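The next block holds one structure in the form of structure tokens; read it before the comments.
Derivation of every value follows stated rules applied to the coordinates shown; laboratory data play no part. None of the values given here were measured: they were computed from a predicted structure. Cβ placement follows ideal geometry from the backbone for every residue including glycine, while neighbour counts extend to all protein chains displayed.
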Amino acid sequence: MTTLDTVQVLLYLGLLIACTPWLGGYMARVFTGERAGLTGWLAPVERCIYRLAGCDPQVEMRWTTYAGALLAFNLFGLLALLGLQLLQGVLPLNPQHLPGVPFGLALNTAISFTTNTNWQAYSGEATLSYLTQMLGLTVQNFVSAATGIAVLLALTRGLTRRSGTTLGNFWADLVRATLYILLPLSSGLALVLVAQGVVQTLAPYIMVHTVEGGQQLIPLGPAASQVAIKQLGTNGGGFFGVNSAHPFENPTPLTNFLEMFAILLIPAALTYTYGRMVGSRRQGWAIFAAMLILFLSGFAVALTAETGHTGNMEGKETRFGIVNSVLWATATTAASNGSVNAMHDSLSPGAGLVALGNMLLGEVVFGGVGAGLYGMLMFMLLTVFMAGLMVGRTPEYLGKKVEAREVTLAMVAVLAPCATVLVFAALAVLTPAGLASISNPGPHGLSQVLYAFASTANNNGSAFAGLNANTGFYNYLGGIAMLIGRFAAIVPALAIAGSMAGKKTAPPSPGTFPTDGALFVVLLIGVVLLVGALTFLPVLTLGPVLEHLLLQQGRVF
Amino acid sequence: MKDTILPALRLLAALTVLTGAVYPLLITAVARAVFPRQAAGSLVQNEGSSVGSELLAQKFGSPRYFQPRPSAADFATVPSGASNLGPTSAVLRTTAQDRAAAVRAACGLAGDTPVPGDLLCASGSGLDPHISPESARLQLDRVARTRGLTPEHRARLESLVTALTEPPQFGVLGEPRVNVLCLNLALDRL
């Protein structure tokens, strides 16, 4: 790394650490109903939304009601997005006269954006009308992120409320997250992006005559408004096919820095929000520390691998160079964002391994907006459980007993995506339909398949994009993987919240295992790595590890 | 059940209007008022008509011009694309060797002259508008020779390349680079 590279990385980390208490504190005030910067201004809009929707934000919900509301809202969102894609050919704001999206692809895309995955088996500029991008995708970019935050809030209330039975109100959590957090941040970011050159217009594509006399069709669209929320909401679905490698989506080093910063901003800040809401900032910082250590370890490995690799500009953009591409690749897979500024398929085996590994750990290294933290809380319950086993005491977290029911549910949430990745990837390499999509022969082909299901089952959305994903096999199987990854984690998390809410809080005793110290951080990291390693080391050995060894010997396929 | 379904539907409608219509249209309106050129694709005018976007690479085949980075989709824009070839791809390796040979032949360089990586590797977007300053300097002789530039003009071309080399943004962010379309347009006006 040159000095300038180091400065950029330090700037990135410094800003992230500085903004965590600032934004985290603001979010805590918003969600606990205190007055915060924008709540005065936007409160009339909030009341208006409740009136239009006919829902009462004061009604407290039990976990089953909360889960029911969440599932209903997401199901309707999925159906609306599906319908919009199928019918876009006859709907307005379609200047390129693009036809309706075929059913399999439309279903995959609808699931993808509702589950905050944003896996893309299509290229936006060639497939989707402006109306579909705005009224369909942009909306789900917001509400899927807000859904993740809502689940986290419900779980937090379950862990902290003293002998209650309810978890808050889903409608209120959803609206507040959207209105007070996602919308203001996105509006600000979108305008900076436009100033730097990200397109934002409803005008049709322009045909120009190039300097040498050829023709070039310049694709346009309302991109900046969507790019801002796709970064902030850990969505990651590009307006254009090549995502944030596209100069219209990410034109300058400044936009690159801000978009990359937006990936981790909210997931990181939520750790502080969590600390505030459980009444101990140290709890939040302990989680932040565990995430940061895992993040930096991944980045160091990826950067070493990538800089030592010849041909490392393949799939990368000149204005970003190696370091910014590797930092983005690490951040986008650590958080379940999935946007890319360089093509992951062309990364060196080591850097590709880190990208894969970040997803396979369950998207808990900062992770998705809300989703990363409630995922990490599952691992934390497992950690206190294991620590309890070691010393022979009943495990407890935040003064509440963790019992068989909670540990079982946490195991379901942790293992469901793991099992999905392995079973579906095995299906793909055993069937002609699965194998036909592989574009790179040799061990890299296995990595492509593994990456596809690691990405979908953990709701990341990035791809080894050489794999032809727009086939019946990958559209439907990937769709199922995304649904399992999302809702097999959300429902158990809410169920845990429900059962914890009913438990009494005991004051800490000398035998209590503290969950805000260095020992806990180390143990938590150990548990996360252990679960990931035990599940995936064999298949990773056959994919990226083998590829690395063969590359060292100069073998190509 | 009814307590859930109706509010879910109506809330979806309300949030769709807010985040899917009001928000993007508001951003579009502000963008058009404050940053009209950027919002519309940063088009570059030459002799009264648009010749492309400053942000998108376009094909330059003639040796009279500086050439952009290789594009796996041959500079297609709808959609654009990358090679997505992995590090152990034999195709990728031979393609890079062929490109190196082609650059050396076109620029009249010895067989062992190193060629900058950005000219050997296809970009991520397929539309990377920039090349590295090294790649611009490497092509300078070829362009000057093909155009039959006088030593005086050649010197002006050299200072043009230097002038159009963008440093890292704010001195810190990103990599130094040269915009190929801007350079070639300036070249034609030399």
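Numbers at a glance
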| quantity | calculated |
| --- | --- |
| Which of A:6, A:254, A:142, positive extreme of dipole for chain A (C-beta unit charges) | A:142 |
| Label-to-label distance, nm, for residues given as residue A:192 and residue A:165 (7 Å Cα→Cβ offset) | 4.8 nm |
| Relative contact order (%) - chain A, alpha-carbon pairs under 8 angstrom, separation at least six | 19 percent |
| Equivalent ellipsoid semi-axes, region B:47-120, via Cα gyration tensor eigenvalues times 5, rooted, Å | 25, 19, 8 |
| Long-range HN-HN contacts of residue B:44 with modeled amide H, under 5 Å | B:51, B:52, B:53, B:54 |
| Chain A: translational diffusion in µm²/s, Stokes-Einstein, Kirkwood Rh over Cα pairs, 25 °C, 0.890 mPa s | 104 µm²/s |
| Estimated inter-spin distance, residue A:480 and residue B:188, nm [label 7 Å along Cα→Cβ] | 5.6 nm |
| Neighbour-limited loop hits for trypsin sites (Lys or Arg not before Pro), region A:428-529 (at most 14 other Cβ within 10 Å; DSSP other than H, G, I, E, B) | A:504 |
| Neighbour net charge for residue B:154 - beta-carbon separation under 10 angstrom, K R +1, D E -1 | 0 |
| Cα point-scatterer Debye curve for region A:142-280, base-10 log of I(q)/I(0) at q = 0.10, 0.17, 0.22 Å⁻¹ | -0.44, -0.93, -1.27 |
| Kirkwood hydrodynamic radius of region A:358-552, from inverse mean 1/r over distinct Cα pairs, in Å | 18.0 Å |
| Of every Cα-Cα pair in region A:288-371, the percent that sits beyond 17 Å | 39 percent |
| Relative contact order of region A:358-552, defined on C-alpha pairs under 8 angstrom at six or more residues apart (%) | 28 percent |
| At 1.306 mPa s and 10 °C, Stokes diffusion of region A:15-67 via Kirkwood alpha-carbon radius, µm² per second | 119 µm²/s |
| Calculated log₁₀ intensity ratio I(q)/I(0) where the Debye formula runs over C-alpha points of region A:115-164, q = 0.24, 0.26, 0.29, 0.31 Å⁻¹ | -0.90, -0.98, -1.07, -1.12 |
| Selection from A:445, A:192, A:520 lying farthest towards where the dipole of the protein assembly as shown points positive, charges on Cβ | A:520 |
| Per-pair calculated FRET efficiency, R0 = 25 Å: residue A:304 and residue A:549 via Cβ, rounded to 0.05 | 0.95 |
| Largest-first principal axis extents, alpha carbons of region A:384-479, Å | 53, 25, 22 |
| Ratio of Rg to Rh over region A:1-118 (Cα coordinates, Kirkwood Rh, two decimals) | 1.12 |
| 12 Å Cα-Cα reach of residue B:59 towards aspartates and glutamates, excluding residues that sit fewer than 8 places from it in its own chain | A:212, B:74, B:128 |
| Cut-off 12 Å between beta-carbons: net charge of the residues surrounding residue A:241, Lys and Arg +1, Asp and Glu -1 | -2 |
| Bins of 5 Å from zero: percent of alpha-carbon pairs in region B:1-40 | 6, 23, 15, 13, 12, 9, 8, 6, 4, 3, 0 |
| Distance from region A:102-122 to region A:414-433 (C-alpha centre basis), Å | 19 Å |
| Gained length - residue A:1 relative to residue A:436, 0.36 nm times residue gap less alpha-carbon distance | 152.6 nm |
| Per-selection Kirkwood Rh - region B:41-188 (Cα, Å, 1 d.p.) | 16.2 Å |
| Modelled FRET efficiency - R0 25 Å, residue B:25 with residue A:15, Cβ distances, 0.05 increments | 0.20 |
| Relative contact order (%) - chain B, alpha-carbon pairs under 8 angstrom, separation at least six | 21 percent |
| FRET efficiency for residue B:6 and residue A:427, using Cβ-Cβ distance with R0 set to 41 Å, rounded to 0.05 | 0.55 |
| Translational D in µm²/s for region B:116-190 (Stokes-Einstein at 25 °C, 0.890 mPa s, Kirkwood Rh from C-alpha pairs) | 186 µm²/s |
| Along each principal axis, Cα extent of region A:442-528, largest first, Å | 57, 29, 14 |
| Point-to-point label distance, residue A:537-residue A:87, nm (Cα→Cβ direction, 7 Å offset) | 5.4 nm |
| Computed [θ] at 222 nm, deg cm²/dmol, the protein assembly as shown (DSSP H ≥ 4; -39,500 (n - 2.57); rounded to nearest 500) | -19000 deg cm²/dmol |
| Spatially near lysine pairs across chain A, Cα under 23 Å, sequence gap of 8 or more or different chains | 5 |
| Dipole magnitude (debye, nearest 20) for the protein assembly as shown, charges at Cβ of Lys, Arg, Asp, Glu | 1440 debye |
| Once the Cα gyration tensor of region A:451-493 is diagonalised, semi-axes √(5λ) in Å | 21, 11, 5 |
